[in-house]
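K.L.:
Have a look at this one before I ask anything.
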There are 2 protein chains.
Amino acid sequence: MILQHYAPNLSRAAVSCKNCCLSEFCLPTGLNATELEQLINIIHRSPSLPRGKHLFKIGDPIQSLYAVRSGSVKVYVPTEPGEEQVLGFILPGEFLGFDGIEAQHHTCAAVPLETTTVCELPYDRLEELCHALPAVDSRIHKLIGKEITGDHEMLILLGKKTAEERLATFLLSLSVRFKQRGFSERDFNLSMSRHEIGNYLGLAVETVSRIFARFQDEGLISVNRRYVEILAMDELKKLVGDCPMDETCARVREAP
Amino acid sequence: MILQHYAPNLSRAAVSCKNCCLSEFCLPTGLNATELEQLINIIHRSPSLPRGKHLFKIGDPIQSLYAVRSGSVKVYVPTEPGEEQVLGFILPGEFLGFDGIEAQHHTCAAVPLETTTVCELPYDRLEELCHALPAVDSRIHKLIGKEITGDHEMLILLGKKTAEERLATFLLSLSVRFKQRGFSERDFNLSMSRHEIGNYLGLAVETVSRIFARFQDEGLISVNRRYVEILAMDELKKLVGDCPMDETCARVREAP
DNA sequence: CAGGTTTGTTGATCCAGATCAATACAAACG
DNA sequence: CGTTTGTATTGATCTGGATCAACAAACCTG
């Protein structure tokens, strides 16, 4: 997956999209060769970012939109001193930085949970490109739309679901997203702590731990610290109410 | 506020922005005369919509972006049969319909809570306009950004706040929004039921009712059914944790 | 305006999940 | 290799808000 030794005199960015195994989920989807070429010209690839080294903090002026290449990023809002509300975990091929378009500065913070690389799209150049290339503009709109529907699903989770449903939803969301990216949907390592999971799902750490144990007792999963194996996918799906994360809540349209 | 008797041979839409008392919060903000003219050309003004007559339902193909002119609209997702999750209440000068940009169909439903009029911006024509006029595009991006930061504030509310904090936050949010629009910030009528408030805030109806009563006992507010008077604004603000709704969580930027 | 329906209030009880507390375990380090 | 430090599990207890239940007040609608 490390492509730096190819064609070292091409710009690094130029290599990144065309050979990137994530490109089908990422920005390039639906762009033709010319459009892609122009998009590639504005992308920077970040060096490897260590765990804990913030991409941005709350109040920072917005510079760029980011796509995760490898690793994972936690997006959160600091609340009380020493407290935070986790808003999401961003996996490879997913985006962050849409917050703060309104105020021109970030309204949340983003920090890698493990060694992470990202692609960076400077906002000013991206905006020009959006105005020049409708296809890019539409693609960005789609990504923003995904952000909004994702938030809505989270509101349903926090407003309505029980602790068990929340954790089942969370695990299945990860499973689906890993699968889409060519990783195993059945077993994976969590890059976030129990504390962070609980915070994200509106639960106490102890509750997360207990429900992991319960799921294990019931034979749904097998957990060892951060390593999770899903043993009974269907049973787990049954636990989730409607609207599993990251799936469209398709519904028969009622006649008006 | 009803302007229909002015200049009856101008197009209704042309009248609507230039004389509309909401225009400073609405789309036209920051547009010059030429841009405004073009924007006005694509706007339709809806007839008066009665309470309960949906603007759109889940699964409907997306047609338009809507701005509320008068009245109020509930946005919600149907969950279990007979159940719903309220995502927001849209007041005059505010927008709805950003959901479903991703999937090209709506992922939630919108219904007036009272007699309501809206301005309708057909997506296809709006998109063309966005590509032609960067200023309009930027304005739309800002509105979408507001949608996202608003959702984030809701996630904090549902993830962290107590019932009292939730209701105080809700009342102050309405107060601020009414004030911005030239209405009283101290007293107003709620267009939504206790049930809908509870659903929105992740609380049972009974809890909402009880906390209204408690706030009244403590002299913070006076409530009679849907009519609310805020008696001690400062006290109410103290009850809200950080991040009151609809205010930017401005924070001193930490050095990196 | 009687009778039904929807909406809101208030009281009594219950429970899911928080909080408190103690222990276990793993990685990090001198 | 013991010690420290952060992270995870497990048990015991507590509580905010849900749920259940009864009633009251407004608003239909014929």
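The values are calculated or read from the model by the stated rules, or taken from the named source; none is laboratory data. Note that this is a predicted model, so its numbers are computed, not measured. Please note: Cβ atoms are built from the backbone with ideal geometry, for glycine as well, and neighbour counts cover all protein chains shown. Surface areas here come from the heavy atoms of the whole protein model, side chains and all, with no ligands, DNA or RNA. Shrake-Rupley method; radii C 1.70, N 1.55, O 1.52, S 1.80 Å.
K.L.:
For the range A:210-239, which residues satisfy the criterion of being of a type outside the set (Lys, Arg) and within 9 Å of DNA strand C (Cβ to nearest atom)?
P.N.:
Those that are of a type outside the set (Lys, Arg) and within 9 Å of DNA strand C (Cβ to nearest atom): A:211, A:224.
K.L.:
Follow-up question, since we're still on this one. Please enumerate the residues belonging to the range A:22-41 that are open to solvent by 40 Å² or more (accessible area, probe 1.4 Å) and more than 17 Å from residue A:125 (Cα to Cα).
P.N.:
Selection gives A:24, A:25, A:29, A:30, A:32, A:33.
K.L.:
I've got another one for you. Tell me, which residue of the range A:200-232 that is under 24 Å from residue A:76 (Cβ atoms) and part of a loop (DSSP other than H, G, I, E, B) is nearest to the other protein chains (Cβ to nearest Cβ)?
P.N.:
Only one residue fits best here, namely A:202.
K.L.:
If you check residue A:185 against the conditions, is it surrounded by fewer than 21 Cβ atoms within 10 Å (Cβ to Cβ), at pLDDT 95 or above, more than 12 Å from chain B (Cβ to nearest Cβ) and assigned to a helix (DSSP H, G or I)?
P.N.:
No.
K.L.:
Answer yes or no: is there a residue in the range A:145-153 that is within 16 Å of DNA strand D (Cβ to nearest atom) and either touching a helix residue (DSSP H, G or I) at 6+ places or on another chain (Cβ under 8 Å) or in a helix (DSSP H, G or I) (or both).
P.N.:
Scanning the range A:145-153 turns up no residue that is within 16 Å of DNA strand D (Cβ to nearest atom) and either touching a helix residue (DSSP H, G or I) at 6+ places or on another chain (Cβ under 8 Å) or in a helix (DSSP H, G or I) (or both).
K.L.:
Search the range A:105-137 for residues being among the hydrophobic types (A, V, I, L, M, F, W, C) and surrounded by fewer than 21 Cβ atoms within 10 Å (Cβ to Cβ), and hand back the single one that is farthest from the other protein chains (Cβ to nearest Cβ).
P.N.:
A:113
K.L.:
How about the range B:161-189: which of its residues are within 12 Å of DNA strand C (Cβ to nearest atom) and touching a strand residue (DSSP E or B) at 6+ places or on another chain (Cβ under 6 Å)?
P.N.:
Across the range B:161-189, the qualifying residue is only B:189.
K.L.:
If I filter the range A:142-154 for residues that are modelled with pLDDT of 95 or more, closer than 21 Å to residue B:143 by Cα and within 16 Å of DNA strand C (Cβ to nearest atom), do I get at least one hit?
P.N.:
Yes: one or more hits.
K.L.:
Please determine whether any residue of the range A:170-179 is closer than 25 Å to residue A:39 by Cα and more than 12 Å from every other protein chain (Cβ to nearest Cβ).
P.N.:
yes
K.L.:
In addition: Just one of (1) open to solvent by 20 Å² or more (accessible area, probe 1.4 Å); (2) farther than 26 Å from residue B:110 by Cα; (3) within 16 Å of DNA strand D (Cβ to nearest atom) trips up residue B:212, so point out which.
P.N.:
(1)
K.L.:
Residues of the range A:57-104 being within 16 Å of residue A:45 (Cα to Cα) and at the interface with chain B (Cβ under 9 Å from one of its Cβ atoms), which ones?
P.N.:
none
K.L.:
Condition test on residue A:34, is it under 18 Å from residue B:152 (Cα atoms), over 14 Å from the mean Cα position of the chain (by Cα), at pLDDT below 95 and not assigned by TED's automatic domain parsing to the domain that holds residue A:179?
P.N.:
So residue A:34 fails the test.
K.L.:
Of everything in the range A:222-242, what is open to solvent by less than 50 Å² (accessible area, probe 1.4 Å) and within 11 Å of DNA strand D (Cβ to nearest atom)? Give them in sequence order.
P.N.:
Within the range A:222-242, A:222, A:223, A:228 qualify.
K.L.:
Additional query: Scan the range B:179-204 for residues that are free of Cβ contacts under 8 Å to residues at least 12 places away in the same chain and within 11 Å of DNA strand D (Cβ to nearest atom) and jot them down.
P.N.:
B:198, B:204
K.L.:
Looking at the range B:138-164 only, could you name the residues that are in contact with a Leu (Cβ under 8 Å, 6 or more places away or on another chain) and farther than 30 Å from residue B:213 by Cα?
P.N.:
B:139, B:140, B:143
K.L.:
Just the residues that are touching a residue at least 40 places away in the same chain (Cβ under 8 Å) and of a type in the set (A, V, I, L, M, F, W, C), please, taken from the range A:37-55.
P.N.:
Listed by number, the residues that qualify are A:39, A:42, A:43, A:49, A:55.
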